[in-house]
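Take a look at the structure set out below.
The values are calculated or read from the model by the stated rules, or taken from the named source; none is laboratory data. No experiment lies behind these values; they were computed from the predicted model shown. Quick reminder, even Gly has a Cβ in these numbers, built from the backbone with ideal geometry, and neighbours come from all protein chains shown.
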Amino acid sequence: MVKIRLSRVGKKHVPFYRIVAVDSREKRDGACLENLGTYDALNTKIIHFHEARINDWVAKGAVMTDTVKKIYKMYKKQAVAQ
């Protein structure tokens, strides 16, 4: 099963994450199928977000984790505000 989840790439005490599509059996920072965006957790800021690709993966049966769902809602809220 494919999951859309976070993969940590930041250094110590500076959390920075990639939003990735990955096989659910892979490790947190293991090989990913596709990079779908980046998220700065320290400043709670979305740097990149490929909404069309995320929707495509969800249509194919991928499941978003709870954290990614929250980030997705935050992105939608920012898009409406602009």
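Restricting segment 60-82 to residues that are assigned to a loop (DSSP other than H, G, I, E, B) and polar (S, T, N, Q), which is farthest from the chain's Cα centre (by Cα)? Step by step, filter segment 60-82, then rank; the result is Gln82. A residue that is closer than 17 Å to Lys77 by Cα and either at pLDDT below 95 or not charged (D, E, K, R) (or both) can be found somewhere in segment 54-62. A count restricted to segment 1-31 and to residues that are surrounded by 13 or more Cβ atoms within 10 Å (Cβ to Cβ) and touching a residue at least 40 places away in the same chain (Cβ under 8 Å) stands at 7. If the condition is being under 14 Å from Ala41 (Cβ atoms) and either in a strand (DSSP E or B) or modelled with pLDDT of 90 or more (or both), then segment 1-10 contributes Arg5, Leu6, Ser7, Arg8, Val9.
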